[in-house]
Amino acid sequence: MATFFRLVRWRNLLIVFVTQWFVWQCVIHPMAGWQHASLFLTAPHFLLLSLSTVLIAAAGYIINDYFDVKIDVINRPEKVIVERAISRRSAILLHSLFNLLGFLLAFLLARKMGMYQVMLIQLACTVLLWFYSTHFKRQFVIGNLVVALLTALSILILAVYEPALYAHVNLRFYLVADGKGYVNPFGVVAVYTFFAFMLTWMREVVKDMEDFKGDAEDGCITMPIKLGLRRSVHFVWVLGILALIPLTAAGIKLLLGNWWLLGVYVLLLLVLPLLLWLRFLPRRATSGHYGQASKWLKVIMVSGVCSLLIYYWLQFFIQGS
């Protein structure tokens with residue numbers, strides 16, 4: 001059982017579920033109060049959607065390990081599971097079963113919505129995960145982009161499956177309901193989707209720097225292999241700056257408004273740590289250093305998710321004022 005949980009990366013799956021739960025509980029669910037909206041994503045529907053996402057993600061981890069045995073033997077020999085603890089046949093069967101169950105849950109939700117086209121997200125994720133494991137992972141840039149896109153979709157899918165958010169797809173930062181101001185809920189989902197995409201892209205490049213040796217042995221053409229470690233660090237800096245500019249602007253805008261507490265959180269617990277992380281990244285050029293940098297970036301990403309608690313609390317504070 002422990003081997004199975006390691007195979008599906010249970011910690012990462014837990015982060016996916018917790019992130020979706022935070023977005024649903026802190027952004028979408030409160031709309032029923034301040035907007036008097038009739039939500040499709042009730043608690044049971046949300047759980048079904050999240051379970052569908054987790055199952056498809058687990059299938060992706062399994063198929064990735066299936067095709068990465070040779071690389072993992074070099075990079076992480078102690079963590080190789082397929083062919084050692086689980087046969088290749090069993091891995092394929094589990095991959096197929098999880099995808100099937102994930103699609104079935106998506107179909108049930110799409111049927112209740114009367115919008116079968118929303119299932120295209122699950123289909124796209126499954127196809128991308130397969131081709132990532134077989135082709136994209138070994139290609140320059142595209143592999144990193146695919147993982148970043150999949151991470152972003154795990155958040156954006158909540159907006160797709162919640163029709164009440166469709167009316168708020170605009171560039172307005174604040175909304176007014178019952179004479180009180182609110183931050184645009186779709187804007188919140190969009191912001192977290194954007195930063196999930198950017199920080200995941202950065203982390204994927206750093207992980208390629210960590211796995212430089214094994215990837216080179218397997219014939220991969222990752223950014224560190226093609227451009228070198230120094231240029232890869234510079235590329236991560238560019239992505240970091242592109243993420244910091246709107247994040248800093250949003251933090252200042254919140255700080256100057258009624259949402260100052262969230263602004264303080266963004267500036268002190270997201271902007272500042274990310275700046276320190278960018279300074280930390282080039283200090284050494286070893287696999288262990290890049291592995292540590294990858295872990296710290298994940299901590300910053302989790303800190304970003306936790307900022308939704310502040311957003312949630314402020315919503316109720318405004319409602320009660």
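The values are calculated or read from the model by the stated rules, or taken from the named source; none is laboratory data. These numbers were taken from a predicted model, which means no experiment stands behind them. We place every Cβ from the backbone using ideal geometry, glycine too, and count neighbours over all the protein chains shown. We work out accessible area using only protein heavy atoms, side chains counted, and drop any ligands, DNA or RNA first. Shrake-Rupley method; radii C 1.70, N 1.55, O 1.52, S 1.80 Å.
Let's test the formula: R0 of 22 Å, r as the Cβ-Cβ distance of Arg230 and Arg279. What FRET efficiency results, to the nearest 0.05?
It comes to 0.90.
Which of Lys253/Lys298; Lys137/Lys295; Lys213/Lys298; Lys207/Lys298 have a Cα-Cα distance over 18 Å?
Lys253/Lys298; Lys137/Lys295; Lys213/Lys298
Mean separation of Cα pairs under 8 Å and 6+ residues apart, divided by the residue count of the range 106-235: what relative contact order is that in percent?
Relative contact order for the range 106-235 comes out at 25 percent.
Can you list the residues, at least 5 places off or on another chain, whose amide H is less than 5 Å from the amide H of Val183, using H built in the peptide plane?
Under 5 Å from the amide H of Val183: Leu175.
Given C-alpha coordinates of the chain, what is the ratio Rg to Rh with the Kirkwood estimate of Rh?
We get a ratio of 0.98 for the chain.
So how much accessible area does Phe173 have, in Å² to the nearest 10, using a 1.4 Å probe?
Rounded to the nearest 10, that gives 70 Å².
Using a 1.4 Å probe over the heavy atoms of the protein chains, calculate the carbon and sulfur portion of the accessible area of the chain as a whole percent.
69
Once you have all Cα-Cα distances for the range 1-49, histogram them in 10 Å bins from zero and send the whole-percent values.
For the range 1-49, the pair-distance distribution reads 24, 40, 22, 11, 3.
When the gyration tensor of the range 158-275 is built from Cα positions, what are the square roots of 5 times its three eigenvalues, in whole Å, from largest to smallest?
Taking √(5λ) for each eigenvalue gives 37, 18, 9 Å, largest first.
Ignoring everything except DSSP H segments at least 4 long, calculate the 222 nm mean residue ellipticity for the chain; use -39,500 (n - 2.57) per segment, divide by total residues, nearest 500.
Taking each H run of at least 4 residues, the total per residue is -23500 deg cm²/dmol.
Identify, among Leu244, Ala124, Leu256, the residue whose Cα sits farthest towards the positive end of the charge dipole of the chain, taking +1 on the Cβ of Lys and Arg and -1 on the Cβ of Asp and Glu, with the dipole about the Cα centre.
Leu244
Just to check, using Stokes-Einstein with a Kirkwood Rh over alpha carbon pairs, what's the diffusion coefficient of the range 262-321 at 4 °C and 1.567 mPa s in µm²/s?
Translational diffusion coefficient: 99 µm²/s.
With only alpha-carbon atoms in the gyration tensor, what are the semi-axes of the equivalent ellipsoid for the range 1-158, in Å, largest first?
Semi-axis lengths for the range 1-158 are 31, 16, 15 Å.
Using only Cα atoms, what Kirkwood radius does the range 209-307 have, in angstroms?
14.9
Work out, step by step, the length gained on full extension between Ile241 and Phe5: first 0.36 nm times the residue separation, then minus their alpha carbon distance; give nm to one decimal.
Length gained, Ile241 through Phe5: 81.4 nm.
If I take R0 = 22 Å and measure r between the Cβ atoms of Arg88 and Val127 in this structure, what FRET efficiency does the formula 1/(1 + (r/R0)^6) give, to the nearest 0.05?
0.55
So for the range 1-152, averaging the separation of alpha carbon pairs under 8 Å that are six or more residues apart and normalising by length, what relative contact order in percent results?
Reported relative contact order: 25 percent.
Anything in the chain that counts as a DSSP H helix reaching 24 Å or more along its axis (C-alpha) with Kyte-Doolittle mean of at least 0.5? List them, would you?
The answer, listed by residue number, is 43-67, 88-113, 142-160, 185-210, 229-256, 287-320.
Take Lys295 and Lys213, extend 7 Å from each Cα along the Cα→Cβ direction, and tell me the distance between the two endpoints in nm.
Calculated label separation equals 1.8 nm.
Students often check this: by mean Cβ neighbours within 10 Å, which of 243-253, 107-117, 146-156 ranks highest, and how do the rest follow?
Packing proxy ranking, top to bottom: 146-156, 243-253, 107-117.
What is the range 93-178's relative contact order, in percent, from Cα pairs under 8 angstrom and six or more apart in sequence?
So the answer I get is 19 percent.
May I ask for the equivalent-ellipsoid semi-axes of the range 109-217, computed as the square root of five times each C-alpha gyration tensor eigenvalue and listed largest first in whole Å?
Over the Cα atoms of the range 109-217, the ellipsoid semi-axes are 34, 19, 7 Å.
Run the numbers for Ser287 and Leu104: contour at 0.36 nm per residue of separation, minus the present Cα-Cα distance, in nm.
Gain on extension, Ser287 to Leu104, equals 61.8 nm.
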